[in-house]
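One structure is given here, and the rest of the page talks about it.
The values are calculated or read from the model by the stated rules, or taken from the named source; none is laboratory data. Keep in mind that what you see is a predicted model, and the values were worked out from it rather than measured. Cβ: placed from backbone, ideal geometry, glycine included. Neighbour counts: every protein chain shown.
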Amino acid sequence: MGSTESFIEKLAIKQEQKGLLADRIRTKEMQEDVILEVVNLRKFFDIPIPFETTWFMIAFVGAIVLFAFYQLYGLILIGAIIVLYFVLPYVPPFNKRPKVAHLKAVDGIDIQIRKGKIVGLVGESGCGKSTAAKTIIRLHEPTSGAVYFKGIDINRLTSEEMHEIRRHLQIVFQDPYASLNPRATAHDIIIEPFDIHGVASGDEASYRVLTLLKDVGLAPHHAYRYPHEFSGGQRQRLGIARALALEPDFIVMDEPVSNLDVSVRAAIIQLILELQRKMGLTYLFIAHDLSLVKILCDEVNVMYLGKIMEAGTSDEIFESMMHPYTKALISAVPIADPTKRSKKIFLTGDIPTPINPPPGCKFQTRCPLVSDICRVEEPTARWYSETHVAYCHNIEGGEASPDFYKQ
Amino acid sequence: MSRPPEDILLEINGLKTYFFTEEGVVKAIESVDLVVYKSETLGLVGESGSGKSVTALSILGIVPDPPGKILDGEVIFHGQDLRNLSDADMRKIRGNQIAMIFQDPMTSLNPVFTVGDQISEAIMLHQKVTKKEAREKSVKIMSLVGIPSADERVDNYPFEFSGGMRQRVMIAMALSCNPELLIADEPSTSLDVTIQAQILELLKATSEEFDMSIILITHDMGVIAEMCDRVAVMYAGYICEIGDIMVIFKSPYHPYTRGLLGAIPRPDAEREDLTIIRGSIPNLINPPSACRFHPRCDYMMQGLCEHHLPDLVEIEPEHMVRCHLYTDEGKAWMQERGEKKVIGQLPKAITI
């Protein structure tokens, strides 16, 4: 919106004043309607591998036995073992063992989010969808890759600049109770963003809090209640009000209704849609409930073990899906219609751990179509329309590039 | 087409369970009447706090006491009231003729024993077999529920299994004594959809193979539609509607059932089709008077619903509804005021 454009200009002026190199902030020319673009984003977590203690334990027990027989020698031995235990890991050749393993939570994803759209990110638990969302709005620092928000690579901004841009990027968390301060009233929770960003203060801020409460369907007398005094649905409304306080352009909805009961869930979904219509918001909607994603989202990205398997518009994903994982995932969803008991595709086994993901295609361990090439080579993109892309070796048709359809 | 009485496996009449807590008396179940027929799957659906799980615990007589207490009602299984049985007799039935699986398989498996030990324990308790035979039987039942290389996995501890596999172990344990009734309390809620599909398929297959009845407790209407023959809808301690699954999903009679079905995304629904039940689930320490749904109900009849609890009315054989829209009192009320309240159709009702 207008405020962002002026922010970019301000940023440029500040850069000039400081005499900084203009290319420190990398910008990208983006299509008119694209608000956020994620390019090859990766986020690895370092998992420390503990030093093997087994041999040490054996030696330690031996030393105690020795100590029982030869008192002083034993003491020296125990000391030596303790010293060795702490020193050995740093002495070659014993220091060769890697001290950390990489948990590849997000392993190179590309997403384009158009203004005013609801983009879904779906997948099983542990596929990295929440990490992806948090990395996109830079709550996690990415390992590599870029996120362009209105053309600016937000990962290159300083914390001051990031502070400014956070006004436009907000998030609503899954568990509203865990994400609200239990010792602050609803009023304090919503007013905090105003204080931090110096947008409003005093009576004006309080007035805006009341307006926000009304917008999300809460009453003014709720303002002085604490989070534990609200029901689950009301708490989630409060979380949404907080996210809306600074009039953002883009909100990440990280499973906002998964913890809620069916009847309350529908009300929150209605609220989310109504706010989008009213304020022209753009959402990245994370969910594992596919029937909800189907009716809610304009575009859907299907994720598996840190990678996007298939992406497309909602119709393309649910009506003409190509990837075997998407097919299995959609067929597994129970349909609330007893006359349509669907034929299911059963995947064998569980989702593998992302610490040492399988080589080649990530889905090869459970894929019904698996062939030799899947175990060696990562599949490349196959485009079925300008928006519909799937990554698989064993599916028919498609083009290597979306340009084929751009005419 | 009412079924003959000898088809009935379990009958619950007027069950009432309260919890006496420090904050007050939680009236978890006020009045539950249910019939489970032989080799059928009955769905028990409702939101959290509607009393689904407490019903299950009350059937087995394992309501935590204190604070819980079954105050009234009878649970008739094979002609005898389970509530009158001694503890020793009840133990013979529990886990043997009636088995239960719980939502969270990690907390209901003992972490310090191998799964083989835990399955054998159930077998040895109810059948006269040696330890070796029990172990062999455990391996057999584990491979039956689809645990690969069961003869090795039998010596593993629960933490060595994934969530889906743990739930399979729970099912194996429940099936080990060929129960006639299996109570499955949200068996797939904590699992991913692909794993959920596996577990539900397993339950369906085993219920056919063992010719056993299942009470499937869930809040997911999708799971009910996939699995069940009949469904009972619970709200705040009452059964508000019970009937054949095809009837309930096509034309629900109770306003709450209708609201519940309107609130879930249907296969070919649009965004606008999602309807809302206003308000929220009542606090059961101080529940609304009479019909507990009346503060949220669009069809509420002033002066009737908040004073008189409607009876379960049989609309058609096997289809019971607890709502004043169908009682004589309700009809008199409507006639008196010349108002006609008819329950609305489901938005975009499914075309059958």
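Taking segment B:188-199, which residues are more than 8 Å from chain A (Cβ to nearest Cβ) and in contact with a Lys or Arg (Cβ under 8 Å, 6 or more places away or on another chain)? Result: B:ILE199, single match. Screening segment B:281-293 for residues that are surrounded by 20 or more Cβ atoms within 10 Å (Cβ to Cβ) and touching a Pro at 6+ places or on another chain (Cβ under 9 Å) and picking the one that is farthest from the other protein chains (Cβ to nearest Cβ) gives B:CYS291. Within the bounds of segment A:230-238, is there any residue that is more than 8 Å from chain B (Cβ to nearest Cβ) and without any contact (Cβ under 8 Å) to a residue 24 or more places away in the chain? No, segment A:230-238 contains no residue that is more than 8 Å from chain B (Cβ to nearest Cβ) and without any contact (Cβ under 8 Å) to a residue 24 or more places away in the chain. Do we find a residue being surrounded by fewer than 17 Cβ atoms within 10 Å (Cβ to Cβ), closer than 24 Å to A:ALA133 by Cβ, of a type in the set (D, E, K, R) and in the same structural domain as A:GLN170 (by TED's automatic domain parsing) anywhere in segment A:240-249? Yes, that holds for at least one residue.
Among the residues making up segment B:271-310, a single one is more than 22 Å from B:PHE249 (Cα to Cα), of a type in the set (D, E, K, R) and in contact with a helix residue (DSSP H, G or I) (Cβ under 9 Å, 6 or more places away or on another chain): B:GLU306.
Counting only strands (runs of 3 or more DSSP E) wholly contained in segment A:88-192, the ones carrying 3 or more residues that are under 30 Å from A:THR211 (Cβ atoms) and touching a residue at least 24 places away in the same chain (Cβ under 8 Å) occupy A:118-122, A:169-172.
B:GLU208 meets all of the listed conditions (1) within 26 Å of A:SER125 (Cα to Cα); (2) out of contact with any Ser or Thr (no Cβ under 6 Å at 6 or more places or on another chain); (3) of a type outside the set (Val, Ile, Thr); (4) in the same structural domain as B:GLY43 (by TED's automatic domain parsing) but one, namely (1).
For segment B:294-343, what are the residues that are buried (at least 19 other Cβ atoms within 10 Å of the Cβ) and among the small types (Gly, Ala, Ser)? Scanning segment B:294-343 gives a single hit, B:GLY330. Close Cβ contacts (under 9 Å, 6 or more residues apart or on different chains) running from residues in segment A:379-405 that are closer than 16 Å to A:VAL302 by Cα to residues that are of a type in the set (S, T, N, Q) and assigned to a helix (DSSP H, G or I) comprise A:ALA390/A:THR326.
Within segment B:233-280, the residues that satisfy the criterion of being among the charged types (D, E, K, R), at the interface with chain A (Cβ under 7 Å from one of its Cβ atoms) and outside any helix (DSSP H, G or I) are B:ARG266, B:GLU270.
Among the residues of segment A:303-318, those that are within 12 Å of chain B (Cβ to nearest Cβ) and within 21 Å of A:PHE363 (Cβ to Cβ) comprise A:TYR304, A:PHE318. Name the single residue, out of those in segment B:214-232 being among the hydrophobic types (A, V, I, L, M, F, W, C) and within 13 Å of chain A (Cβ to nearest Cβ), that is nearest to A:SER125 (Cα to Cα). Out of the qualifying residues, it is B:VAL223.
Condition (residue is surrounded by 22 or more Cβ atoms within 10 Å (Cβ to Cβ), among the β-branched types (Val, Ile, Thr) and not assigned by TED's automatic domain parsing to the domain that holds A:GLY398) applied to segment A:311-323: is it met by at least one residue? Within segment A:311-323 (the criterion being surrounded by 22 or more Cβ atoms within 10 Å (Cβ to Cβ), among the β-branched types (Val, Ile, Thr) and not assigned by TED's automatic domain parsing to the domain that holds A:GLY398), the answer is no, since none of the residues qualifies. Selection of segment B:130-157 for residues being in contact with a Gly (Cβ under 7 Å, 6 or more places away or on another chain) and either modelled with pLDDT under 85 or not in a helix (DSSP H, G or I) (or both) yields B:VAL154, B:ASP155.
Considering segment B:176-202 alone, what residues qualify as being surrounded by fewer than 24 Cβ atoms within 10 Å (Cβ to Cβ) and either among the aromatic types (Phe, Trp, Tyr) or over 27 Å from A:VAL302 (Cβ atoms) (or both)? Within segment B:176-202, B:CYS177, B:ASN178, B:PRO179, B:GLU180, B:LEU181, B:LEU182, B:ASP185 meet the criteria.
The residues listed here are A:VAL209, A:VAL216, A:VAL252, A:VAL264; of these, the one that is crowded, with 21+ Cβ neighbours inside 10 Å, touching a strand residue (DSSP E or B) at 6+ places or on another chain (Cβ under 8 Å) and of a type in the set (Val, Ile, Thr) is A:VAL252. Among the residues of segment B:305-328, at least one is modelled with pLDDT of 85 or more, more than 26 Å from the chain's Cα centre (by Cα) and assigned to a helix (DSSP H, G or I). Does segment B:76-83 include one or more residues that are within 28 Å of B:PRO288 (Cα to Cα) and part of a strand (DSSP E or B)? Checked segment B:76-83: no residue is within 28 Å of B:PRO288 (Cα to Cα) and part of a strand (DSSP E or B).
Inspect all residues belonging to segment B:200-213 and state whether any of them is away from chain A (no Cβ under 12 Å), in contact (Cβ under 8 Å) with a residue 24 or more places away in the chain and part of a loop (DSSP other than H, G, I, E, B). Scanning segment B:200-213, I find at least one residue that is away from chain A (no Cβ under 12 Å), in contact (Cβ under 8 Å) with a residue 24 or more places away in the chain and part of a loop (DSSP other than H, G, I, E, B), so the answer is yes.
Filtering A:THR158, A:THR135, A:THR185 for residues that are of a type in the set (Ser, Thr, Tyr), at negative phi and surrounded by 21 or more Cβ atoms within 10 Å (Cβ to Cβ) leaves a single hit, A:THR135.
Residues in segment B:1-48 that are assigned to a loop (DSSP other than H, G, I, E, B) and either surrounded by fewer than 19 Cβ atoms within 10 Å (Cβ to Cβ) or of a type in the set (Phe, Trp, Tyr) (or both): B:MET1, B:SER2, B:ARG3, B:PRO4, B:THR21, B:GLU22, B:GLU23, B:GLY24, B:LYS38, B:SER39, B:GLU40, B:SER48. Within segment A:256-282, the residues that satisfy the criterion of being touching a Leu at 6+ places or on another chain (Cβ under 9 Å) and either within 17 Å of A:ILE118 (Cα to Cα) or touching a residue at least 60 places away in the same chain (Cβ under 8 Å) (or both) are A:VAL257, A:ALA266, A:ILE268, A:ILE269, A:GLN270, A:ILE272, A:LEU273, A:LEU275, A:MET279, A:LEU281, A:THR282. For the residues B:ASP273, B:ASP229, the requirement of being surrounded by fewer than 24 Cβ atoms within 10 Å (Cβ to Cβ), among the acidic types (Asp, Glu) and closer than 21 Å to A:ALA266 by Cα singles out B:ASP273.
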